[in-house]
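Structure first, then comments.
All of the numbers you see were taken from the coordinates with simple rules; none came from a lab. All values reported here derive from a predicted model rather than from experimental measurement. Reconstructed Cβ throughout: ideal geometry from the backbone, glycine too, with neighbour counts over all protein chains shown.
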Amino acid sequence: MGSGGTIIPLSSPNRNHCGTDTTGWLNGRLPKKIGIIVNESICFASGSDECLIS
């Protein structure tokens with residue numbers, strides 16, 4: 001596994017984190033068990049907008 005980890009961030013890691021212009025994060029909660037489906041949004045932070053695209 002690379003340095004990126006195994007779980008998507010649950011808060012914005014801020015723009016330019018790891019050299020990217022738009023960083024992705026889960027705007028919600030992870031499921032409590034593997035295989036459970038949750039209805040959450042994936043956001044991308046860009047500029048001053050923490051959830052520009054979801």
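Miscellaneous remarks
- Charge dipole magnitude, Cβ of K and R +1, D and E -1 - the chain, Cα centre, debye nearest 20: 300
- The chain - percent relative contact order, Cα under 8 Å, separation 6 or more: 29
- Approximating the spin labels as points 7 Å out from Cα along Cα→Cβ, the T6-to-D21 distance works out to 3.4 nm.
- Per-residue Karplus couplings for segment 19-35, computed as 6.51 cos²θ - 1.76 cosθ + 1.60 with θ equal to phi - 60°, are listed in order as x, 10, 7, 10, 9, x, 7, 8, 8, x, 10, 6, x, 6, 10, 5, x Hz, Gly and Pro entered as x.
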